[in-house]
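What follows is a set of notes on a single structure, which appears directly below.
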Amino acid sequence: MRKNTADKILASALALMTERGYNNVSVKEIALTAGVSEMTVFRHFDTKMGILHSLIQTYSYIPYFEHFFLHELTGHLKNDLQQIAHSYLTFMEKNKPIFLIAIQDRSILPELIDIISDNNTRQLQNLLASYFQKSIELGHMKKEIDTKGQAIVFLTGLFGFFVSNAIWENHFLKDQQENFVQDTVEVFMKGVQA
C-alpha cells in the first residue's frame, strides 16, 4: 500500500513538473493529482525537493549500466559501442521528463543539473572509461588515448542527439537513430582503434 501511494505521488509530480517545471508546481497540486492529502505527501517525501530526488533516483540508469558493463558486453569493440549507444539513448528517452524538468528550471535550480550529472553522467563516464581501459589492455584501442576524455566524446555525441530530439519533437533526426549510432561508432572507432 505504501509503495503504491508513493508511486502515485511520484507519477503525479512527474507529470505536473514535466508540463510546468519544478518551481511552478506545489505540493498541494501534487497531492490533489495523486488523490492523497498533503500530509501523506510529506510522510513519504519530506519536501518537494525530496520528491524530485526520488524521481531522479527512480529514473537513474546507473544500476542497469553497472550490470550491463559487467555482464552484457562481449569485448567486441564495435558491437559493444553500438549496444552502449542504443541502451543510452533508450534510457535517455525514458528519462526525458527529468531532463525537461531540469532545463525548465535551470536558472532557478542550477543544482538540479549537478544532481542529475553526478548521479548519472559522471558514473556512466567512469564505467565507459574503465571499459576503454580494458579495451586498451586487450589491444583493441590505441594505448595513448585518454580513456576519460574519449568517454566524454562518445557520450556527448549521444547526448546531443537525444537533446535535439527531446527539445524538438519533430526534429529531422527523429527517425535517424539507427544510422546515427552506426555512423557515430564508425567514426569514433577510426580515432581510437588499434
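Numerical summary
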| read-out | value |
| --- | --- |
| Single unsatisfied condition, Ser12 versus (1) among the hydroxyl-bearing types (Ser, Thr, Tyr); (2) open to solvent by 60 Å² or more (accessible area, probe 1.4 Å); (3) more than 30 Å from Ser130 (Cα to Cα) | (2) |
| Of residues in the stretch 100-120 being small (Gly, Ala, Ser) and part of a helix (DSSP H, G or I), the one modelled with the lowest pLDDT | Ser117 |
| Test set (1) in a helix (DSSP H, G or I); (2) surrounded by fewer than 17 Cβ atoms within 10 Å (Cβ to Cβ); (3) at pLDDT below 90 - His171 fails condition number | (1) |
| Helices (runs of 4 or more DSSP H) contained entirely in the stretch 1-99, each with at least 3 residues that are out of contact with any helix residue (DSSP H, G or I) (no Cβ under 6 Å at 6 or more places or on another chain) and modelled with pLDDT under 90 | 2-20, 48-58, 77-94 |
| Some residue of the stretch 138-152 being closer than 30 Å to Gly50 by Cα, within 19 Å of the chain's Cα centre (by Cα) and either among the aliphatic types (A, V, I, L, M) or modelled with pLDDT of 90 or more (or both) | yes |
| One residue from Glu93, Glu144 being charged (D, E, K, R), under 21 Å from Leu16 (Cβ atoms) and open to solvent by 50 Å² or more (accessible area, probe 1.4 Å) | Glu93 |
| Criterion violated by Glu19 - all others in (1) free of Cβ contacts under 8 Å to residues at least 60 places away in the same chain; (2) closer than 29 Å to Asp183 by Cα; (3) surrounded by fewer than 19 Cβ atoms within 10 Å (Cβ to Cβ) satisfied | (2) |
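Conditions (1) free of Cβ contacts under 8 Å to residues at least 24 places away in the same chain; (2) open to solvent by 60 Å² or more (accessible area, probe 1.4 Å), marked per residue:
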{"position": "Lys28", "(1), (2)": "yes, yes"}
{"position": "Gly35", "(1), (2)": "no, yes"}
{"position": "His44", "(1), (2)": "no, no"}
{"position": "Pro63", "(1), (2)": "yes, yes"}
{"position": "Leu81", "(1), (2)": "no, no"}
{"position": "Ala102", "(1), (2)": "yes, no"}
{"position": "Asp105", "(1), (2)": "no, no"}
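The values are calculated or read from the model by the stated rules, or taken from the named source; none is laboratory data. Not measured: the values here are computed from a predicted model. All Cβ positions, even for glycine, are placed from backbone atoms using ideal geometry, and neighbour counts span all protein chains on display. What goes into the accessible areas is simple: the full protein's heavy atoms, side chains included, and nothing from ligands, DNA or RNA. Shrake-Rupley method; radii C 1.70, N 1.55, O 1.52, S 1.80 Å.
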